[in-house]
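Before any comments, here is the structure.
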Amino acid sequence: MMADKHFLVLWLTFGVATLPVLEAAGQSGSVGDFCDGHPLATPAWCLLHGRIPCHDLSCQLAPSLAPDFSCRGGETPAACAARAAPLCTATASCVAFGILVIHTNAPSVEWYNATATASPPVDTAWDYYFNMTALGPPPQPPATCVPGPSVCPPAPDNSIFPPPGDHPPGCNSHGCATVPQGVVPRWAHTYVLNQSTIIMPCNGTGVTDPESTKGWAYVDFDWSNWKGTGGADGWAKHKPMDCEELMVKQTELTVAASPGTKVFVYRNMIKALPWFTTVREKLTDPAYAAWFMNFSADVMADHTKAHVPVCDTNYDPPLCSNLYHDQGQTPGYPHGDGNCAAPACDVGSVPVGEYLFDPRSANVSVNGETFIDWFVQTYFFGPAGLGNDNILGVYIDDDWGNMNPNGPSEMNGFAMQDMGLAPTDLPEIVTAYNWVANTVYSSIVSKGKFAWDLFLNNDPNCINCGDCPQPWVKQETCAADLRAYGTNTTSPFIDRALLYGFSPGSCHGVNPTKLTQVEEDVANFLLVRGKYAYLGNGWTGCSHDYEYPAAQFNADYGEPLGLATETAVNSAVFVREWSKATVQMDCNTYTPKITMK
């Protein structure tokens, strides 16, 4: 079945599970949005025209469980349905049946333990009858979740998609992603597990040993890598700082040691970080001042009114800038987020700090080049970025008005005040930022590259970032998770690029040195994954070893032969057949089992 994008998600209750029905927008009947009509002179049966419980055999009753029944020669579909209905009601595992309405002699019948309904097929030859007595009335669907910071309520207790207590994919308790959704990479998909792994390593005291990331398919390096914490050498101690250059050197070393590894590097969408040479060249040239945010006129006139240092007093005379900057995540002398060498941090003719691009100046041209052209072509696609053959993607950090609904993310809490901006100024900035961001993401994908942020993620902190991926299937909600993402024919995992974190989740206690649930995570990943799916770790800090579970990663499971199925109604045992393996998870005991064929 081909998915229709214009669907409303509603909920039908069956026992302890909830059955999602996708109702084509604008086609709801007068009896309610959850069915086209109540046939058979009773409200107990909900009729769905031309929709199907699932697109394969996974929800059809086995012959041994199905009623012994067939339509009579010359019998109308409605008459056959009237006789079939009580048999379905009397069969414990039957909640729906289908009648083939176009026939040459007698209508055909199929019986279902319905787990989901898919979109209308091209051939509308079938009518499907759902037992509303068994299913029960649908509870109200959750409120609409919109991109941006909003209160997006979790799914109700009897939901199957999303699982109870979860938010729709692409949303968390803070709101929903504003980055483009539904984007997949342009590279060829693969089901080979050791080509579907991903990690975000970092070494704060020097180069990340290329041997430590060997075998991982995708490796992302943060700006903190090779920073030079403590007394160690690194870009923070260099004069001027050369984070960008050492990032390129790191990618060269990594790819040379592991030629199959694809490398991502760090970029920030809102912060102008002067330890990046391409940024510093513009930041220190007064001709480009319009591309950056300023301190307010009051702060410029009296530096004591700022909530952050305007000047670096390690210099004599102090080194100052009217361009807004804070020191939240900034190298410093003698101490900071990376320790500079004496006598002070060196980022050219401005103080070290986190500066801000002004997205409202996207089309402001300086020396024949607009900000957006420079931003895309040089900052993102220059030789130190996606223009480098060794660099396949970027992790893009921070945003305006989403992570922080009141201003720029991960900046000083008084940033808006110190820049002389009122809350009424924010919508214009957010609109401009979203345009810039969408332009960047579109350019990245169109040129065959990718951004970490475009993976479908369940980051509880920053849904726009995804650097803290969690496992999508958890022990405490195993059955509900697998019904939502494994057996559900409308699961977004089928068509989205998925990021799946090792248990218990990045930024939430996972120890990359010693993974604790490898077999469980691998089995669950294989049960739910689609064409583009990646298992591993996001941000776990710097200076770790990274366990590579070779036995599981290097096994040949082949390709999936269909979606996962639940072995019986509410059995909580899930199986997915692969061409070279059978993958099973028993959620009752949280026991995985992979049997090679």
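Being in a loop (DSSP other than H, G, I, E, B), closer than 22 Å to residue 183 by Cα and within 22 Å of the chain's Cα centre (by Cα) is the requirement here; does residue 386 meet it? Taking the combined requirement at face value, the residue satisfies it. The residues on offer are 451, 480, and the sole one that is under 30 Å from residue 161 (Cα atoms), in contact with a Pro (Cβ under 6 Å, 6 or more places away or on another chain) and either at pLDDT 95 or above or open to solvent by 10 Å² or more (accessible area, probe 1.4 Å) (or both) is 480.
Residues are listed down the side, and each one gets a yes or a no for (1) outside any loop (DSSP other than H, G, I, E, B); (2) in contact with a helix residue (DSSP H, G or I) (Cβ under 7 Å, 6 or more places away or on another chain); (3) within 21 Å of residue 471 (Cβ to Cβ); (4) open to solvent by less than 50 Å² (accessible area, probe 1.4 Å):
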| site | (1), (2), (3), (4) |
| --- | --- |
| 164 | no, yes, yes, yes |
| 178 | no, yes, no, yes |
| 223 | no, yes, no, yes |
| 232 | no, no, no, yes |
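Selection over segment 561-574 of residues that are open to solvent by less than 30 Å² (accessible area, probe 1.4 Å), assigned to a strand (DSSP E or B) and in contact (Cβ under 8 Å) with a residue 40 or more places away in the chain gives a count of 1.
Residue count for segment 362-382, restricted to those that are on the phi < 0 side of the Ramachandran plot, open to solvent by 10 Å² or more (accessible area, probe 1.4 Å), touching a residue at least 24 places away in the same chain (Cβ under 8 Å) and more than 25 Å from the chain's Cα centre (by Cα): 4. What tally of residues in segment 188-213 results from selecting those that are more than 27 Å from residue 530 (Cβ to Cβ) and either in contact (Cβ under 8 Å) with a residue 40 or more places away in the chain or charged (D, E, K, R) (or both)? Count: 10. The residues of segment 454-477 that are within 9 Å of the chain's Cα centre (by Cα), modelled with pLDDT of 95 or more and more than 20 Å from residue 222 (Cβ to Cβ) amount to a single one, 456.
The set of residues in segment 78-108 being open to solvent by 30 Å² or more (accessible area, probe 1.4 Å), under 13 Å from residue 128 (Cα atoms) and either assigned to a helix (DSSP H, G or I) or touching a helix residue (DSSP H, G or I) at 6+ places or on another chain (Cβ under 7 Å) (or both) consists of 78, 82, 101. Could we say that residue 184 is closer than 23 Å to residue 381 by Cα, open to solvent by 40 Å² or more (accessible area, probe 1.4 Å) and of a type in the set (A, V, I, L, M) here? It is true that residue 184 is closer than 23 Å to residue 381 by Cα, open to solvent by 40 Å² or more (accessible area, probe 1.4 Å) and of a type in the set (A, V, I, L, M).
For segment 277-287, filtered to residues that are touching a residue at least 60 places away in the same chain (Cβ under 8 Å) and farther than 14 Å from residue 346 by Cβ, the residue that is most open to solvent (accessible area, probe 1.4 Å) is 287. Report yes if some residue within segment 545-557 is in a strand (DSSP E or B) and among the charged types (D, E, K, R); otherwise report no. Scanning segment 545-557, I find no residue that is in a strand (DSSP E or B) and among the charged types (D, E, K, R), so the answer is no. Among the residues of segment 486-509, those identified as at pLDDT 85 or above and in a loop (DSSP other than H, G, I, E, B) are 486, 487, 491, 495, 496, 497, 502, 503, 504, 505, 506, 507. So how many residues does segment 300-324 have that are touching an Asp or Glu at 6+ places or on another chain (Cβ under 6 Å) and closer than 27 Å to residue 362 by Cβ? Within segment 300-324, residues that are touching an Asp or Glu at 6+ places or on another chain (Cβ under 6 Å) and closer than 27 Å to residue 362 by Cβ number 2.
Residue-level check: of (1) surrounded by 15 or more Cβ atoms within 10 Å (Cβ to Cβ); (2) of a type in the set (Val, Ile, Thr); (3) without any contact (Cβ under 8 Å) to a residue 60 or more places away in the chain, residue 516 misses just (1).
Residues in segment 199-213 that are open to solvent by 30 Å² or more (accessible area, probe 1.4 Å), part of a loop (DSSP other than H, G, I, E, B) and either in contact with a helix residue (DSSP H, G or I) (Cβ under 8 Å, 6 or more places away or on another chain) or within 13 Å of residue 263 (Cα to Cα) (or both): 207 only. Take the conditions (1) part of a loop (DSSP other than H, G, I, E, B); (2) open to solvent by 10 Å² or more (accessible area, probe 1.4 Å); (3) on the phi < 0 side of the Ramachandran plot; residue 249 misses just one of them, which is (1).
The values are calculated or read from the model by the stated rules, or taken from the named source; none is laboratory data. Not measured: the values here are computed from a predicted model. All Cβ positions, even for glycine, are placed from backbone atoms using ideal geometry, and neighbour counts span all protein chains on display. Surface areas here come from the heavy atoms of the whole protein model, side chains and all, with no ligands, DNA or RNA. Shrake-Rupley method; radii C 1.70, N 1.55, O 1.52, S 1.80 Å.
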